Amino acid sequence: KAGVTQTPRYLIKTRGQQVTLSCSPISGHRSVSWYQQTPGQGLQFLFEYFSETQRNKGNFPGRFSGRQFSNSRSEMNVSTLELGDSALYLCASSGRLSTSSYNEQFFGPGTRLTVL
Amino acid sequence: GNSVTQMEGPVTLSEEAFLTINCTYTATGYPSLFWYVQYPGEGLQLLLKATKADDKGSNKGFEATYRKETTSFHLEKGSVQVSDSAVYFCALSASNFGNEKLTFGTGTRLTIIP
């Protein structure tokens, strides 16, 4: 089956702008997580959505937000962009069906955001 | 809070050499442990996992054993190939369900020379 897809793959923005990134999970997966990857901070968890509800949130400012739609596709938005927001943003989906089963997270190729 | 400490890179080895990448963790409860691999220009791929103490995860010749007594999950491979060149991340999930947020180590860049 098709993997996790992220659009766009590359994005260039300027400081102060806002940006929306999109993630389409593997068909049937209901959980979507977002991570930020930078050379300085490494991989950091942003948030997780399950059935359109945010269930976990990392330690990022309120400029970072997300949502999930009824078809499990997810978007994340960053407002008032700063230079430090330049990063690879990774989305991962998993097919969590119950609280007692292990479900692997499958990662997309990421969206590389450059803020000038 | 949870944390993962991973061996600093970069690591350069000759083909067919033995590989060890050290990983230790700090967590409350009984985390699940993972090794992910990232090839250039790609996202992360799960390499192997272990969900309870003494479990051994293995895949593509790589192995790691969940050692609760030493809070470690070191990655090993007996004979590396050029195609193993990538960045390797150790990670933990604070839930045995494996679907909670992942906490990652800093990554170790591995280069294998022919």
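Here are a few things to note about the model shown:
- Karplus-derived 3J(HN,Hα), 6.51/-1.76/1.60, for each residue of the range A:44-51, Hz, glycine and proline x: 10, 6, 9, 6, 10, 10, 9, 6
- The GluC sites (Glu not before Pro) found in the range B:56-89 that occupy coil by DSSP, while having at most 16 further C-beta atoms within 10 Å, are B:Glu69.
- The residues B:Thr70, B:Thr20, B:Thr5, when put in order of fewest to most other Cβ atoms within 10 Å, stand as B:Thr70, B:Thr20, B:Thr5.
- The dipole here belongs to chain A: it is taken about the Cα centre, uses +1 on the Cβ of Lys and Arg and -1 on the Cβ of Asp and Glu, and is about 120 debye.
- Point-charge dipole on Cβ atoms (K/R +1, D/E -1) for the protein assembly as shown, about Cα centre, debye to 20: 680
- Summarising the amide proton neighbourhood of B:Leu48: residues at separation of 5 or more, or on other chains, whose placed amide H is nearer than 5 Å comprise B:Trp35.
- Gap separating the Cα centres of the range B:34-68 and the range A:36-70, nearest whole Å: 23
- Rounded, prolate or oblate (a/c below 1.5 giving rounded, otherwise prolate when a/b exceeds b/c) for the range B:8-87 by Cα gyration tensor: prolate
- Shape call, the range A:1-106: gyration tensor on alpha carbons, a/c limit 1.5: prolate
- Entry note, the range B:34-114: relative contact order of 26 percent, from Cα contacts under 8 Å with a spacing of 6+ residues.
- Farthest positive-ward along chain A dipole, Cα basis, beta-carbon charges - from A:Phe45, A:Leu21, A:Ser94: A:Leu21
No lab work stands behind these numbers, since they all come straight from the coordinates. Given the structure is predicted, the values throughout are model-derived calculations rather than measurements. Note that we place each Cβ from the backbone using ideal geometry, even for glycine, and neighbour counts take in every protein chain shown.
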